[in-house]
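For reference, the structure is listed below as structure tokens.
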Amino acid sequence: MAAPRTSHAGGRAWTTVVGLGAVLACVAALQLPAAFAGAPARAGTAASALPSTATSDLDAAERVPARRVGFPTPAVVAAAPVAVVRAAVAPAPVGAPAPSPDLCSGAGWEQRRGEAALASLKGDASRTGFAVTFESARSGYLGLTHLDEKRIAMHVRSCAKESDELLRHVMAHELGHAWDTSTMSGTSRAAYLAARGIPAGTPWYGCSGCTDFATPAGDFAEVYAQWSRGADTNRSLVAGDASPAQLSALAAQFFGA
């Protein structure tokens, strides 16, 4: 901006400010919406297959849900930020019985093993309206919930590569996504955010490519899985474990318990 210029006429003085910067600021303000409209979205960690059309509005997210959300493999989780360290796959409990041989081999073992895991959980899958299929292992995912198809695909690994407890956890997590899609609304999701201490307006599905555990939708699935498994912990990176009292209250309000 140029320095002020002072003139005198008839004994009166006035100051004229040459505001080139102000003029440029006005022009920039007029062009600002167009500039933002063309700005690319910030990329997230590639750990969940959410489409780029996922919306940040809770009610809109209910109308146009992400096509699929899933439980990433341990290798994908390990590639996430340091906070994920506590989400590392826990070993099977000491003294836990070995899986029955007929669940680990022979024709149709994926189906038998998956059904056994499903039967051990609270919250019947049929109440979600989602079909559950048990399929062979898939790179990058242990399970996927296809929201628009109303289908959960469990990608079952061998007993040597996926413990019974991990399989139960993945199954319960995907059921949490199905229950969320079937029963939750924009209003109830906002109430859930408040109950978990998550800032209001946080995008439910995060961003395209955000790791599932770091989104409110993933937190919901993880807390649901904690309840469904009868566990003390979950892998949420948003709000962490729910205490027994908190879990009981959340289950009564949101999980149909």
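Every number here is computed from the coordinates shown, using simple stated rules; none is lab data. Everything numeric here is computed off the predicted structure, so don't read it as measured data. Cβ: placed from backbone, ideal geometry, glycine included. Neighbour counts: every protein chain shown.
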Test of understanding: extend the Cα→C-beta vector of residue 104 to 7 Å, then name every residue of segment 152-179 with backbone N under 13 Å from that spot. 158-165
Between residue 122 and residue 136, what is 0.36 nm times their sequence separation minus the Cα-Cα distance? Round to one decimal in nm. 2.6 nm
Order of 146, 155, 173 - criterion: other Cβ atoms within 10 Å of each residue's Cβ, fewest first: 146, 155, 173
Can you give the local net charge around residue 217? Use residues other than it whose beta-carbon is closer than 9 angstrom to its beta-carbon, Lys and Arg +1, Asp and Glu -1. -2
Show the residues, 5+ positions off or on another chain, whose built amide H is closer than 5 Å to the amide H of residue 147. 68, 69
Sorted by Cβ neighbour density within 10 Å, fewest at the top, the residues 161, 122: 161, 122
Tell me, what ³J(HN,Hα) does each residue in segment 243-254 have, in order and in whole Hz, if you take phi through Karplus 6.51 cos²θ - 1.76 cosθ + 1.60 with θ = phi - 60° and put x for Gly and Pro? 5, x, 5, 5, 5, 4, 5, 5, 5, 5, 7, 10
Return 154, 171, 184 ranked ascending by Cβ neighbour count within 10 Å, so the fewest neighbours appear first. 184, 154, 171
If you take every residue apart from residue 167 with its C-beta less than 9 Å away from the C-beta of residue 167, what net charge results, scoring Lys and Arg +1 and Asp and Glu -1? 0
